[in-house]
1. Which of (1) of a type in the set (A, V, I, L, M); (2) touching a Leu at 6+ places or on another chain (Cβ under 9 Å); (3) part of a helix (DSSP H, G or I); (4) more than 18 Å from ASP102 (Cα to Cα) is the odd one out, the single condition VAL155 does not satisfy?
2. Across region 59-105, what is the total count of residues that are among the aliphatic types (A, V, I, L, M), crowded, with 18+ Cβ neighbours inside 10 Å and outside any helix (DSSP H, G or I)?
3. So is VAL117 over 15 Å from LEU30 (Cα atoms) and surrounded by 22 or more Cβ atoms within 10 Å (Cβ to Cβ) or not?
4. So, in region 139-152, exactly how many residues are out of contact with any helix residue (DSSP H, G or I) (no Cβ under 9 Å at 6 or more places or on another chain) and not in a helix (DSSP H, G or I)?
5. What are the pairs with Cβ atoms under 9 angstrom where one residue, in region 84-110, is over 21 Å from ASP37 (Cβ atoms) and the other, located anywhere, is basic (Lys, Arg) and not in a strand (DSSP E or B)? Sequence gap at least six, or different chains.
Amino acid sequence: MSRTAAAPASRDTISSLASVDRKPRKLRILVAKVGLDGHDRGAKVVARGLADAGYEVIYSGLHQTPEMVAAAAAQESVDAVGLSIMSGAHMTHFPAVRAALDARGANEVVLFGGGIVPDEDAAALKAGGVAAIFTPGTSTQAIVDWIERELRPRVEGAAA
């Protein structure tokens, strides 16, 4: 019985084999409540829904400052921050969190959120760097769909 040595695999073959069964990396999302808004049921439902969908979710708890949210985002190396604002202070809190993230050098962190936000305010927030606004009644599946369609490509494109 004779043995022949197998040719060594090329670098291209190895890298293509390595990517065949690679699962997408688990996105890290911070769900946060800023200011004095104590209505956290929606934030908790969204956080649980995102965790159930396979994302790594960190929930900040109530009464956070924009600086506290940005610090947690940087410390936890999150891909996105989702703010829940039911108090009507969205035109103050979203820009403040975006500025705090940018001040920490976390300008690649995607900011999105939800709550009671009129359409005209949502358009202004999007123009100011908020990636998406979800209003009451939005299903967690719709948020997951947005994450996969919009957030994942941004994050994976930045990592490439």
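1. Here VAL155 meets the rest and fails (4).
2. 6
3. Yes, satisfied.
4. Of the residues in region 139-152, 0 are out of contact with any helix residue (DSSP H, G or I) (no Cβ under 9 Å at 6 or more places or on another chain) and not in a helix (DSSP H, G or I).
5. ASN107/ARG98; GLU108/ARG154; VAL110/ARG154
Table: residues versus (1) more than 14 Å from the chain's Cα centre (by Cα); (2) under 22 Å from PRO136 (Cα atoms); (3) not hydrophobic (A, V, I, L, M, F, W, C).
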{"residue": "GLY42", "(1), (2), (3)": "yes, yes, yes"}
{"residue": "HIS63", "(1), (2), (3)": "yes, yes, yes"}
{"residue": "GLU67", "(1), (2), (3)": "yes, no, yes"}
{"residue": "GLY82", "(1), (2), (3)": "no, yes, yes"}
{"residue": "MET86", "(1), (2), (3)": "yes, yes, no"}
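Since every read-out is calculated from the coordinates, none of them should be taken as a lab result. Treat the numbers as computed from the prediction; the structure is a model and nothing was measured. All Cβ positions, even for glycine, are placed from backbone atoms using ideal geometry, and neighbour counts span all protein chains on display.
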